[in-house]
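First the structure, in the form of structure tokens, and then the observations on it.
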Amino acid sequence: MAFEGIAERLQETLKKLRGKGKLSEKDIKDAMREVKLALLEADVNFKVVKGFINSVSEKCLGNEVLESLTPGQQVIKIVNDELVTLMGGTESKIEFGNNITIIMLVGLQGAGKTTMAGKLALHFRKTNKKPLLVACDIYRPAAIKQLQVIGKQIDIPVFTMGDKVNPVDIAKAAIEHAQSEGNNVVIVDTAGRLSIDEELMEELKSIKDNTNPNEILLVVDAMSGQDAVNVAEDFNNKLDLSGVILTKLDGDTRGGAALSIKEVTKKPIKFVGIGEKMNDFEVFHPDRMASRILGMGDVLSLIEKAQTAFDEKQAKEWSNKVMNQELDLEDFLQMTAQMKKMGPLGKLIEMVPGVNSKQLQGLDLSKSESEMKRVEAIIQSMTKKERQNPSLVAGSTSRKKRIANGSGTTIQELNKVLKMYDSMKKMMKQMKGLQKGSKKGMLGKFPFIR
């Protein structure tokens, strides 16, 4: 879980304050000492920690908090607001050009630039842009091939001139190619080094001067903590970055980079990578991240994922079928396929308000997902007629044997699926009863069904 360590410490500290009816200056100072230690252990920049604690303490020691009837809640609100400010305040959007938007990705080797180029291209295509990936890393073995493989995987064109041509010439030729082919976003994947050197910076400056990019985004590994902050500072001094992309945020239990970069470089975090798959990519929202850190969930991101995953027309059809008790196993199979688009169950649960990492410890979510795969295998082994009318299976031993053998499961597991379907039918009947008092219907309350 992202920020697991700091989230636990902060939530524990603030929980103590929430339980008190009145707060003294000593209570607040003790709490701020705990917050300070939590931030330092999370590898947050020392100067950033000092400024954060001073700002929070000053506001918490005001009469408005000390004399409040709910002082604990007031402190939590102040900490939340300061965390949001620390990480940038609001979402920082890409500055699109009038015709073509040129985005230059820079960073050290191993940060994940090439993979991030693909994720970024896929993100833009979802917003009706027509991206072009450009292979300008002519030094790293197989870098061009890697970008081509990613481009093929997500069906986005890749412009390359091989590894014998100057990267500046490749970038210039790519922009001309984009203009002729109608691509309106050009993503330039540049070379990295194991460490910052003059040769690397001169090449990047030359690409910048010759292409005049709308955005220069630094890709850094969130798990590298203060190293990521130092790298960001160096690149910003040389190239004047427009923003930062943090990779591997899902594995960053400390959060030092995310909480320090904006304050140190004065440049916003624009996107984050949250997994290995091409869809594991999010716009960075400081307010939502602060909410997650303090255990208040991230309902807005959860809703956005649902809106992306679920087809509106299909969702309306399912809503009507539920109310008319017509939902069958064919529909159930389609629904599970849509839900899987939202991402792994563990990541979705983290967005639910009130759920923290301690509650998830010992909960084997992978087991639930593997059981769901077995259910899918059972349903897929049925004929379409059987999926639409499961009672055909319930009364036939020969059908049960065929389906169990075809799905690699047992008749007992098949019976569980049929029992689950019977329970679902009973629930649909109950929901129809509740439907009478509602104009929009039960499922009409979801934001992705309008």
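We did not get these values from a lab; they are worked out from the coordinates using the rules stated. Computed from a predicted structure; not experimentally measured. For neighbour counting, all protein chains shown are included, and Cβ atoms are generated from backbone atoms with ideal geometry for every residue, glycine included.
Exposure proxy ranking for Val44, Val168, based on other Cβ atoms within 10 angstrom of each Cβ and starting from the fewest, stands as Val168, Val44.
Between Phe281 and Ile274, the built amide H atoms are under 5 Å apart, and every one of these is 5 or more places off in sequence or on another chain. In this Cβ point-charge picture (+1 for Lys and Arg, -1 for Asp and Glu), region 101-296 has a dipole of about 640 debye about its Cα centre.
Shape of region 89-211 from its Cα gyration tensor (a ≥ b ≥ c, root eigenvalues): rounded if a/c is under 1.5, otherwise prolate when a/b > b/c, or oblate?
Working: a/c = 1.36, a/b = 1.28, b/c = 1.07.
Verdict is rounded for region 89-211.
Annotation for region 27-131: chymotrypsin sites (Phe, Trp or Tyr not before Pro) lying in DSSP loop with at most 11 further Cβ atoms inside 10 Å of their Cβ do not exist. Distance between the pseudo-spin-label points of Leu37 and Lys426 (7 Å out from Cα toward the beta carbon): 5.2 nm. Solvent-free Debye calculation, one equal scatterer per alpha-carbon of region 125-279: log10 I(q)/I(0) at 0.10, 0.16, 0.18 Å⁻¹ equals -0.38, -1.00, -1.25. Annotation: amide H-H contacts under 5 Å for Thr101 (H modelled 1.01 Å from N, sequence separation of 5 or more, or interchain): Val185, Val186.
Neighbour counts of other C-beta atoms within 10 Å: give me Arg9, Arg33 arranged from fewest to most. Spell out each step's value before the answer.
Details: Arg9 17, Arg33 12.
With the fewest neighbours first, Arg9, Arg33 line up as Arg33, Arg9.
Think of region 119-163 as a dipole: +1 on every Lys or Arg Cβ, -1 on every Asp or Glu Cβ, centred on the Cα centre; then among Val149, Thr127, Tyr139, Thr127 lies furthest on the positive end.
Extending 7 Å from the Cα toward the beta-carbon at both Ala142 and Glu25 defines two label points whose distance is 6.3 nm.
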